[in-house]
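Presented below is the structure to which this report refers.
The values are calculated or read from the model by the stated rules, or taken from the named source; none is laboratory data. Here the structure is a predicted model, which means the values were calculated and not measured. Reconstructed Cβ throughout: ideal geometry from the backbone, glycine too, with neighbour counts over all protein chains shown. Ligands, DNA and RNA are stripped out before the accessible areas are found, and what is left, the full protein with its side chains, is counted by its heavy atoms. Shrake-Rupley method; radii C 1.70, N 1.55, O 1.52, S 1.80 Å.
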Amino acid sequence: MEPIFTERLTLREFNLTDADDILALLTTPDFIRNIGDRGVKDLESAHTYLKDGPIKSYREHGFGLWRIGLAEDDRFIGTCGLILRDTLPAVDIGYALLPTFYGQGFAIEAARACMATRLDFGLEQVIAIVAEDNLPSQRLLEKLGMQFSGRIPFGEPAENVRLYKLISD
């Protein structure tokens, strides 16, 4: 996939040279609390995560989680993208930022850019899941035009999460 450019961001596919960045993101307390512990504890496990997650998804589906960098200097700030999970009924949108970049509108800017690509991949229905107490993410999903659709079990062990849906016209 070609990089996506927005006013302030560049989104591109991850590669193995991004292991330091993904390690920093996936080990933040907020990521672990709101998204889950992905078992990434060092550079080796960060490489494995990238190979078996985003990079594999690009190869199999053409899309996945993309690296978000600031347009001005490509400094890593987080990830956003479309994810096909065996455990969900449709492709979902996911995003996470390093805490330094919260509250500046970067997550919604990246999420809108990702959602704009969905039809390129033939994805009419997109969903999102979010923890019950993650109010900032719930507000972001509503700004994307997604609607709360109920609760579903997700994860190991399974916990109920809020399900949001966007279905194109």
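If you model the chain as an ellipsoid using its alpha carbon gyration tensor, with each semi-axis the square root of five times an eigenvalue, the axes come out at 22, 19, 17 Å, biggest first. Just checking the listed ones, GLY78, GLY53, GLY64: in the Gaussian network model of the chain with Cα springs under 10 Å, the one fluctuating most is GLY53.
Let me know the shape class of the range 17-69, please: from the alpha-carbon gyration tensor, a ≥ b ≥ c as square roots of the eigenvalues, rounded when a/c is under 1.5, otherwise prolate if a/b is greater than b/c, or oblate.
Working: a/c = 1.78, a/b = 1.50, b/c = 1.19.
Taking the square roots of the gyration eigenvalues as a ≥ b ≥ c, the range 17-69 is prolate.
Once all protein chains are placed together, ARG8 keeps about 80 Å² accessible to a 1.4 angstrom probe.
State the Cα centre-to-centre distance between the range 27-82 and the range 108-154 in whole Å. If you average the Cα positions of each part, the centres end up 17 Å apart.
If a/c stays under 1.5 just call it rounded; otherwise compare a/b with b/c (prolate if a/b is bigger, oblate if not). Do that for the range 40-97, with a ≥ b ≥ c from the square roots of the Cα gyration tensor eigenvalues. Could you put the intermediate results ahead of the total?
On the way: a/c = 1.95, a/b = 1.28, b/c = 1.51.
Since a/c reaches 1.5 but b/c is at least a/b, the shape of the range 40-97 is classed as oblate.
Per residue, the chain exposes 53 Å² of accessible surface when a 1.4 Å probe is rolled over the protein heavy atoms with every protein chain present. Answer rounded, prolate or oblate for the range 1-97, using the Cα gyration tensor with square roots of eigenvalues a ≥ b ≥ c: rounded when a/c is under 1.5, else prolate when a/b is larger than b/c, else oblate. Rounded shape, in that the Cα axes give a/c under 1.5.
Determine the share of the range 26-149's accessible area contributed by carbon and sulfur atoms, expressed in whole percent, with a 1.4 angstrom probe. Don't skip to the answer; put the middle values down first.
On the way: 3080 of 6130 Å².
Carbon and sulfur: 50 percent of the exposed surface of the range 26-149.
Of all lysines in the structure, the ones whose alpha carbon falls short of 21 Å from that of LYS41, not counting any fewer than 8 places away in one chain, are LYS51, LYS56.
What's the longest bit of the chain with no exposed GluC sites (Glu not before Pro), using DSSP loop states and at most 13 other Cβ atoms within 10 Å as the test?
Values: sites that count: GLU7, GLU72, GLU124, GLU132.
The reported range is 8-71.
Report the gain in length on full extension from LEU135 to THR48: 0.36 nm times residue separation, minus Cα-Cα distance, nm rounded to one decimal.
Numbers: separation 87, 0.36 × 87 = 31.32 nm, distance 3.10 nm.
Gain in length upon complete extension: 28.2 nm.
Solvent-accessible area of ARG75, all protein chains in place: 110 Å² (probe radius 1.4 Å, heavy atoms, ligands and nucleic acids excluded).
Sort TYR102, TYR95 by accessible area with a 1.4 Å probe, largest first.
Numbers: TYR102 100, TYR95 40 Å².
Output order, biggest surface exposure first: TYR102, TYR95.
Any idea what the dipole of the chain comes to, in debye rounded to 20, about its Cα centre with Lys/Arg Cβ at +1 and Asp/Glu Cβ at -1?
Working: 18 positive and 26 negative charges, 67 e Å.
So the dipole magnitude of the chain works out to roughly 320 debye.
Here LYS143 is the anchor, and the lysines within straight C-alpha reach of less than 26 Å, apart from those fewer than 8 places off in the same chain, are LYS165.
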